[in-house]
Structure formats: structure tokens, C-alpha cells
Amino acid sequence: MAEVDLKQQPPSEPSVWRVLGRRNFWPYFVGNLLSNSGTWFQNIAQIILVYRLTRSPFLVGVVNFSQFAAVIFLAPTAGAAADRLDRRRLIVAMQTCGAILAAALAVITAAGAATAPVVIVIALAIGVTLALTTPALGAVVPGLVDRSDLPAAMALSSVTYNLSRAIGPVAAVFVIAQFNIAVAFAVNSLSFLALIAAILVVRPAPQRIAPGRPRIRDSMRLVRADSGLLVPLIVVGLVSLTSDPMNTLGPAFSTEILDRPDTFTGFLVGAFGTGAVAAALTLTGRVAPSQRALVGTLATTALGMATFVLSSTALVALAGLFVAGYGFLAAVTMSTSLMHLALEDEHRGRVMALWSLSFQGSRPIGSLVDGALASLAGLRVAGLVMVLPSLLGALGLGFLLARRSR
């Protein structure tokens, strides 16, 4: 299939606000925003807790690895489940399990019994619920809007993740400073209920069940044969790898380089999220999704993260992460829109499983590499190595598109 290009029919600028006002979309938007904000409470609280317990960037990387490792191993199961089972029921069941696990971690932490292994194990269990939820949740969104509104819906869906990245970490460090880490875990437990309520309220278009027994290898063959699907998947994985130092190295970077408390990690992550929200508000309706535009988003992400890694002051670090977040959101939104526009519904769950493998499955690998490099060679070396995926991706994709045009 040729590259999907919307230049002849760009989404109108008001479409974002029109979609947001839809009775069938705004409950999903609000529920997903609150749930994602709770996830950032969890992320910030667990990395600060492990860092305080161990002072080890590597173990911080291990806890990040644990939260997203299940995506790697469960992608085939999650994708098939999203195509064969009722997606709404699957999401509700997984969110309920996540709420119970987060509540258990809150109780354990409040009792003073939390250790690094305990946090890592519960992060792994919560990661299982995340791995099984993500493909189904991604496959539900196209059923909430008309096809013409899909790019705007994808941008808004990404906004829920990145607006929560701007709000959640800052709110989390405030809660940790004013109360304690256990309260932050409890907030995450409650946030799962918001998405459950939203999924019960919306009424997506009838789901087309894949005939026979769905196999992810069929979807993999489909993706390999179609650059309109393969390139966006690769781009999502590259920007996810490049953004990892913000999380894994955040506590150590705050204390050892910026001379700030470890809770400053929340402001670093918040700056990234603010840049992402700015991208959603300024690009949607103005820049049509295309593979050529992805070159610029990769380069922007690499530039922003390099600025952060090389910075010596808080202001420069925050500015660099703002730029990186801008490029990251633009890359993810454009890539996801291109994929959904090229997909039939019976493949949607399995291809979204591959998307979650690229988006979230790259994070555990990046976290381990990042944490290990930081322990062996230093924070700046580790961060600069992680800039390479997006930088090389921008150069490689630009070269391929130039050859194609010739």
C-alpha cells in the first residue's frame, strides 16, 4: 500500500474542538486523561521510592523495565484478545485489576514494608494489566468518531497521555512532598476507576470480530509488506527510546547535575508533557500526517533530548525537554493516524498490539540500557547514546524518501 497522505484533505482546525465536544468522545477523553495522570503518579512515586531506597540509577531502570516488560511478552495475546473479545469488557476487567494492585502497593508503602523487590514485582503485575489494555483501548478510539475526524481524535488521544505527563508528575511530587509516597500510589488506584466509568458510558461503533483464530503473525506480515504501516511503527519506537532518559535518569540528573531534590524529576517530566500538549494544539489541523513530516518530528525529538542531556542549569534542561516533548507528540500522533487510516477493523487490535510493542515495549529495553550506561559511563554519556535512535531515524527516513522521490 502506498504512503497514506492527507494533504488533499487536511483536517480542519476546528475539528479538534468539534470532536472533543462529541457525546461519544469526551467521556473517553476525560477518563483516559485521569487514568493516565494516575499512571504518572505511579511512575514518579515508584522511581523516587526505589532511588531513595537504593541510590541506584540501574535499579530505577529495572523498575521502569518491569512496568513495561509485559508488553514485549504479551503482545500476541493482547492483540488477539482485542480482536476476538469485547474490547470494552476487556478494558474494564484489566483496569479493575490495576486498581487493586495499586491499592495494595499503597498499603504496603504506608506500612513501611516497601522494598525495591516489592515495588519491582508490583510494577511488573501492573504492567500486565497495561499490556492487555493498550491494544483494546487504541482499537476503540476509531469507533468513537467519523473517519474524517480520525486525525483529530488521534491527536486528542495523544493529548490525554501527554497532558497527563504535564500535570501528573508535578501533581505527584506535590502530593509526595505534602503527604507521602503511599498517598501517590493511592491516587493512582482511584484513577483506574475514571477510565472504567468512561468506557461504560461511551458507545463505540459495533466491533467487527476477526474471522477464525486471529494470529499476530498475519498482522506482522501485513505490516512488513506495507511501508504505510511499518514506517510509523518504527518511528514510534525510535522516539520512545530517545525520550527514556527523562524518566530513568530523572532523579539522578536532578540531584547530581542540576543540584535539585529528586522530586524535581516531576518538573522535568512535566516540561516534556507541556511541550507535547503544545504540539497537539498547534499542529493538528495545520500539518497533514505524512512520512515526510515524520523526519522533522524525529529531528526535533533528538535536538530537544540532546539539549536536556548536555544542560547544566534547570532552565536549559526544562527548555530542552519542552522541545523534545513537542517533537515526540507530533511523531506519535502522525504515526498513529497514518496507521489507523490504513487499517481494516479486523486487524486493528493486533496491529495496535504491535504499536504498543513499539511504543511501550521499547521502554523496558531503553530503561535497562540507559540505567546500565549511566552506572558504567555516567549520566551524560547514557543520555547521548539514547539520542541516537531518533537522530539516525531522521537521517535514514530522509534518505529513503529522497530516493523514493527520485
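The values are calculated or read from the model by the stated rules, or taken from the named source; none is laboratory data. None of the values given here were measured: they were computed from a predicted structure. Cβ: placed from backbone, ideal geometry, glycine included. Neighbour counts: every protein chain shown. These area figures cover heavy atoms from the full protein model, side chains too; ligands, DNA and RNA do not enter into them. Shrake-Rupley method; radii C 1.70, N 1.55, O 1.52, S 1.80 Å.
The C-beta contact set for the stretch 46-70 (first residue hydrophobic (A, V, I, L, M, F, W, C) and crowded, with 24+ Cβ neighbours inside 10 Å, second residue at pLDDT below 85 and outside any helix (DSSP H, G or I), distance under 6 angstrom, 6+ apart or interchain) comprises PHE68/GLN360. Screening THR160 against (1) touching a residue at least 12 places away in the same chain (Cβ under 8 Å); (2) open to solvent by 10 Å² or more (accessible area, probe 1.4 Å) leaves a single unmet condition, (2). Between GLY393, GLY366, GLY304, GLY383, the distinction of being surrounded by 24 or more Cβ atoms within 10 Å (Cβ to Cβ) and under 14 Å from the mean Cα position of the chain (by Cα) belongs to GLY366 only. Just so you know, in the stretch 18-64 the residues that are part of a loop (DSSP other than H, G, I, E, B) and of a type in the set (D, E, K, R) include one that is modelled with the highest pLDDT, and it is ARG55. Only one of the numbered conditions (1) open to solvent by less than 30 Å² (accessible area, probe 1.4 Å); (2) in contact with a helix residue (DSSP H, G or I) (Cβ under 7 Å, 6 or more places away or on another chain); (3) modelled with pLDDT under 80 is violated by ARG224, and that is (1). The criterion of being open to solvent by 20 Å² or more (accessible area, probe 1.4 Å) and part of a helix (DSSP H, G or I) does not hold for ILE126.
Within the stretch 130-147, not a single residue is at pLDDT below 85, of a type in the set (Lys, Arg) and open to solvent by less than 20 Å² (accessible area, probe 1.4 Å). Return yes or no: is ALA184 surrounded by fewer than 24 Cβ atoms within 10 Å (Cβ to Cβ), in a helix (DSSP H, G or I) and in contact (Cβ under 8 Å) with a residue 60 or more places away in the chain? Criteria not met by ALA184.
In summary, helices (runs of 4 or more DSSP H) completely within the stretch 290-406 and bearing 2 or more residues that are farther than 24 Å from ILE47 by Cα occur at 291-310, 314-341, 345-359, 379-405. Open to solvent by 10 Å² or more (accessible area, probe 1.4 Å), closer than 30 Å to ARG403 by Cβ and among the basic types (Lys, Arg): is that true of ARG292 in this structure? Criteria met by ARG292. Checked against the criterion of being farther than 27 Å from ASP86 by Cα, β-branched (Val, Ile, Thr), open to solvent by 50 Å² or more (accessible area, probe 1.4 Å) and modelled with pLDDT of 80 or more, the candidates THR109, THR115 yield just one match: THR115.
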